[in-house]
Amino acid sequence: MSKTAFRSRSIAAIILLFLILSPLQDSIDLQRRRMGFERRLMLMPGQVAGNLILGGFKGLAADLLWLQVESLFHSGQHYKMLPLFQSITFLQPKFITPWAVGGWHMAYNISVKAKNEEEKQFWIKHGVDFLAEGIKNNPERYDLYFELGWTYFNKVKDYANAVKYFELAAKFPRPEYVDDVLAHAYEENGQIKEAIATWERILAGPDTPFRQIAARMLSRLKKYGTTKVETYQ
Amino acid sequence: MVKALIIGLNTFRETLRLKSYQIILIFALLLLGSSQLFSFLTPEEQLKMIKDVSLSGIEIFAALLAIFTAMTSLRNEFETNTISTLLSKPLRRSEFILGKFIGSVLAITLSVILMAAVFSTLILIKQHSLEAGLFSATFLIWAEMLVIVALTLAVAAFASTAFTLIFVLFLFLTGHLTGYGLELAQQAKNPLLQALTKIFYKVIPNFENFAIRDEIAVGVSVSLSYLLKTFGYGLIYTFIALLLCLYFFQFREV
């Protein structure tokens, strides 16, 4: 083959291969978007270069920020952790722990430091909203439904919403305590039949410590109409 | 093909004797081991950190090894002029390039296997099981290295050692950031800029395709079709880079 012929054929082959690559890249991009792997551009003043360099290694960047969160948490600097939670969840939205811990810090640790009721409610709402945002990014796992349900149950005392989120959590593979807490939420929400049905389901399930709890709760519910010791004593 | 294999095995043996290869590999294995230092975190956080640090470490060190290995294997032949002796024998230039590619890929495969073995041991110690996703992430890192080896050979076929090193490292970084460039250009209202960025996005190797480590580290599963598509992308790009390498090498006076 002459040099000119080789040159033309090589160039033609390269162009042809790039033409094959283009729709393949589009298909990969589409699949990445469907799997929730979309690119997120994070540019902070003064940190542009760092963010770009770490752009390809978002997990590592999130880990470095998470180590900062750990250090701030142990020194009690809760407010300083907030922008870090935002950054970590922005960089790696599928990392569950920062959503859960961030929501908990706002609804619990920061809200108890509030100077008045209005400020307290502000932080509880922020915690709830943060967890709800986490659910939008991770709708296929029980974790954040449970965390949000727990915040409604334990902190906000909004049992209707607690039931709603615990029920959503119970649609996914989950640890046994989720069903136990769901039964308690049913009871608090006045859904006694559902509470009994849930504890009966736990009782019929595998042998775990929650079976004993379920047996005790069922006996109390049937006898006194409530599981709360202070109510029936 | 037999000649290419002989050159490949020879390149592989030479690479294993390279001090730079040995030092980078030892350093990589030490770094992977050091991810055990996150013992002050909760077990779940610790596992996530080990996965992130290890998978990113494997990718970064494998890329460095791929660049050094491919570059040295070709540039040494030029600098010591052994290429003239080789090509005076009945050996085609395409067989020579293919041999260099096979040898470098063998060396990189060995290093990825060693790093993955250390990583898997760490995970086994911590969680007593291995997820399939970890193998998928390592497989795509290896596929990415095929592209890097071929690209390094393509640049080393016409450029100096320093230029090859800087250019391929730059390509490695750019290949991870082209998606951001595209996103930025879409925010700009200039259609010319958008069109140019789109072309740039399609031509520059998109290494983000291979990056599933961040998702795997947080337990997200990746479909087989995605793995196959990305591997196909890697193979096509590798072929393009090898064609480019051959193109430059055919016209090189030796």
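Of all residues in the range B:190-213, which are at pLDDT below 85 and assigned to a helix (DSSP H, G or I)?
Applying the first criterion (at pLDDT below 85) to the range B:190-213 yields B:190.
Hits for the range B:190-213: nothing passes.
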Every residue from the range B:47-62 that is within 10 Å of the chain's Cα centre (by Cα) and either surrounded by fewer than 24 Cβ atoms within 10 Å (Cβ to Cβ) or on the phi > 0 side of the Ramachandran plot (or both)
B:ILE60, B:PHE61
Residues located in the range B:128-155, provided they are exposed (fewer than 15 other Cβ atoms within 10 Å of the Cβ) and either touching a helix residue (DSSP H, G or I) at 6+ places or on another chain (Cβ under 9 Å) or modelled with pLDDT of 90 or more (or both)
B:SER129, B:LEU130, B:GLU131, B:PHE135
Filter the range B:196-218 for residues that are more than 8 Å from chain A (Cβ to nearest Cβ) and either farther than 14 Å from B:PHE172 by Cα or in contact with a Cys (Cβ under 6 Å, 6 or more places away or on another chain) (or both) and give the result.
B:LEU196, B:THR197, B:LYS198, B:ILE199, B:PHE200, B:ILE216
How many residues does the range A:2-22 hold that are facing chain B (nearest Cβ under 10 Å) and either more than 26 Å from B:ASN206 (Cα to Cα) or not hydrophobic (A, V, I, L, M, F, W, C) (or both)?
6
Any chance you could count how many residues in the range B:140-149 are under 13 Å from B:LEU110 (Cα atoms) and of a type outside the set (A, V, I, L, M)?
1
So, in the range B:26-72, exactly how many residues are more than 18 Å from B:PHE172 (Cβ to Cβ) and touching a residue at least 60 places away in the same chain (Cβ under 8 Å)?
13
Could you tell me how many of the residues in the range B:30-46 are buried (at least 17 other Cβ atoms within 10 Å of the Cβ) and either among the hydroxyl-bearing types (Ser, Thr, Tyr) or modelled with pLDDT of 85 or more (or both)?
1
For helices (runs of 4 or more DSSP H) lying entirely in the range A:127-233, having 3 or more residues that are over 30 Å from A:GLN92 (Cα atoms) and in contact with a Lys or Arg (Cβ under 8 Å, 6 or more places away or on another chain) picks out A:192-204
Among the residues listed as B:LEU227, B:LEU235, B:LEU243, the single one being assigned to a helix (DSSP H, G or I), at pLDDT 90 or above, in contact with a helix residue (DSSP H, G or I) (Cβ under 6 Å, 6 or more places away or on another chain) and more than 7 Å from every other protein chain (Cβ to nearest Cβ)
B:LEU227
Name the residues in the range A:5-40 that are in a loop (DSSP other than H, G, I, E, B) and free of Cβ contacts under 8 Å to residues at least 24 places away in the same chain, would you?
A:MET35, A:PHE37, A:GLU38, A:ARG39
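One line per residue, one yes/no per condition, for (1) within 13 Å of another protein chain (Cβ to nearest Cβ); (2) among the hydrophobic types (A, V, I, L, M, F, W, C); (3) within 10 Å of the chain's Cα centre (by Cα):
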{"position": "B:ALA132", "(1), (2), (3)": "no, yes, no"}
{"position": "B:ILE141", "(1), (2), (3)": "yes, yes, yes"}
{"position": "B:MET145", "(1), (2), (3)": "no, yes, yes"}
{"position": "B:VAL155", "(1), (2), (3)": "no, yes, no"}
{"position": "B:SER160", "(1), (2), (3)": "no, no, no"}
Might you check whether a residue that is free of Cβ contacts under 8 Å to residues at least 40 places away in the same chain, under 30 Å from B:SER120 (Cα atoms), within 8 Å of chain A (Cβ to nearest Cβ) and part of a loop (DSSP other than H, G, I, E, B) occurs anywhere in the range B:164-176?
no
Could you list, ordered by first residue, the pairs with Cβ atoms under 7 Å in which the first is in the range A:173-200 and under 17 Å from A:LYS155 (Cα atoms) and the second is charged (D, E, K, R), at least 6 apart or interchain?
A:LEU182/A:GLU167; A:TYR186/A:GLU194
Residues satisfying the stated conditions in the range A:98-144, i.e. of a type in the set (Val, Ile, Thr) and closer than 22 Å to A:GLY76 by Cβ
A:VAL101, A:ILE110, A:VAL112, A:ILE124
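The values are calculated or read from the model by the stated rules, or taken from the named source; none is laboratory data. Values in this document were obtained by computation on a predicted structure and should not be read as measured data. Cβ: placed from backbone, ideal geometry, glycine included. Neighbour counts: every protein chain shown.
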